1. Looking at the range 21-39, which of its residues are touching a Lys or Arg at 6+ places or on another chain (Cβ under 9 Å) and either among the acidic types (Asp, Glu) or modelled with pLDDT of 90 or more (or both)?
2. Restricting attention to the range 188-207, which residues are part of a helix (DSSP H, G or I) and in contact (Cβ under 8 Å) with a residue 60 or more places away in the chain?
3. Check off (1) small (Gly, Ala, Ser); (2) in contact (Cβ under 8 Å) with a residue 40 or more places away in the chain; (3) part of a helix (DSSP H, G or I) for Ala108 and give me the number that stays unchecked.
4. What do you reckon, is Ala84 small (Gly, Ala, Ser) and in a helix (DSSP H, G or I)?
5. Quick one: how many residues across the range 54-86 are without any contact (Cβ under 8 Å) to a residue 12 or more places away in the chain and among the β-branched types (Val, Ile, Thr)?
6. Counting only residues that are open to solvent by 40 Å² or more (accessible area, probe 1.4 Å) and not charged (D, E, K, R), which one in the range 78-92 is farthest from Leu193 (Cα to Cα)?
7. Which residues, taken from the range 230-252, are out of contact with any Lys or Arg (no Cβ under 7 Å at 6 or more places or on another chain), surrounded by fewer than 18 Cβ atoms within 10 Å (Cβ to Cβ) and at pLDDT below 85?
8. If you take the residues in the range 1-20 that are exposed (fewer than 12 other Cβ atoms within 10 Å of the Cβ) and not aliphatic (A, V, I, L, M), which one is modelled with the lowest pLDDT?
Amino acid sequence: MTLFTMLLVLAAERLFKLGEHWQLDHRLEVLFRRVKHYSMLRTLLMAVLVMLVTFLILRALSGLFFNVPLLVVWILISLLCIGAGKVRLHYHAYLKAAARNDSHAHNAMANELTLIHGVPPGCDERDFLRELQNALVWINFRFYLAPLFWLIVGDSCGPVLLAGYAFLRAWQSWLARYQTPTERQQSGIDAILHVLDWVPVRLAGVVYALVGHGEKALPAWFASLGDRHTSQYQVLTRLAQFSLAREPHLDKVETPKAAVSMAKKTSLVLVVVVALLTIYGTLI
């Protein structure tokens, strides 16, 4: 069921998930606006509540009508949690603005794409484009690779873990957009996701290491295995940059395209691995 759900959701996401309608992040904004106090405990309790509700729904549908309703819910939850939705629109808008040299529009879209980690002040054009590449690599991880990881490792409870992770991702994005850095820090969301992303970042990083310059990337990847303090964003993007070293860093259109192309290759590797594991009976 995992492979079937994953393939169907990825296909559907490419065909019609081009906005906020099928995005869990958007659906949760009504809940987020009601939160007035921020703490790590509150964040964890909200995530656990989302996972509990998801678990109860799956449990209630298990065994009914040959599990057809259960499969439908699997697909709906995955569709809401996997895929960038509106972020893809921002990316395409950036490319169009950059192609016609509309600096105001392409800077606005670049700010949207780099919302979570931002861009260091005072950087030159080359550094700015590298940071944009890093942001796109991270978006692919946040909206595709990490959600797929939790769906796969969760096995029969995959949608439960997926819903919990997607909730935390949405909470972080909402805090970054609408609240102050102090309130975001009080929520503990960055610390929680730092722990949850540790394993999937290393798995995604090894793919980047293998498809890039192995003589530089693999030692960096091995060093990351014992690194508990560096942010997962820096670990993943550092490894991704080894793969992007030979790509252009001075073209406002080709530079982000190179990052997206590399990210798509990584996602394809994940799909192939899941297919092989399913064929050999490791996954169901």
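1. Asp25, Val35, Tyr38 - these are the residues of the range 21-39 that are touching a Lys or Arg at 6+ places or on another chain (Cβ under 9 Å) and either among the acidic types (Asp, Glu) or modelled with pLDDT of 90 or more (or both).
2. Across the range 188-207, the qualifying residues are Ile189, Ala191, Ile192, Val201, Ala204, Val207.
3. Against the list (1) small (Gly, Ala, Ser); (2) in contact (Cβ under 8 Å) with a residue 40 or more places away in the chain; (3) part of a helix (DSSP H, G or I), Ala108 comes up short only on (2).
4. No: the conditions fail for Ala84.
5. 2
6. Result: His92.
7. Within the range 230-252, Ala245, Arg246, Glu247, Pro248, Asp251 meet the criteria.
8. Residue satisfying both the conditions and the ranking: Phe16.
The values are calculated or read from the model by the stated rules, or taken from the named source; none is laboratory data. Note that the structure is predicted; figures quoted are calculated from it, not measured. Cβ sites come from the backbone with ideal geometry, for glycine too, and all protein chains shown count toward neighbours. SASA here: full protein model, heavy atoms, side chains in, ligands and nucleic acids out. Shrake-Rupley method; radii C 1.70, N 1.55, O 1.52, S 1.80 Å.
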